[in-house]
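Computed from the coordinates by the stated procedures, all read-outs in this text should not be read as laboratory data. A quick note: this is a predicted structure, and the numbers were derived from the prediction, not measured.
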Amino acid sequence: GGFGNMQITFRSGKATIGGGFGGDETMECWTAGDKIILHKPGDAPNQDMPIDINNDGTLQTPLGEIKKKGN
């Protein structure tokens, strides 16, 4: 799902984004209400990327919806 083959892998407070426009990128992540916040270390907080958690468990990113693939 999402834009092209974009994938986000969440593990231990980190999110690795891959399959998009270049190599993998690791960001810090946490939840805030019905959102997941992605933060690139060294960037200003206004550069954070919020991702909505939909009622069905899918994630709504600025580039489109992402569905859970598996473990």
### Query
When the Karplus curve 6.51 cos²θ - 1.76 cosθ + 1.60 is applied with θ = phi - 60°, which whole-Hz ³J(HN,Hα) does each residue of the range 28-40 get, with x for Gly and Pro?
6, 8, 7, 9, 9, x, 9, 10, 10, 9, 9, 9, 8
### Task
Quick one: which residues, 5+ away or cross-chain, put their amide H under 5 Å from the amide H of LYS35? H built at 1.01 Å from N.
ILE53
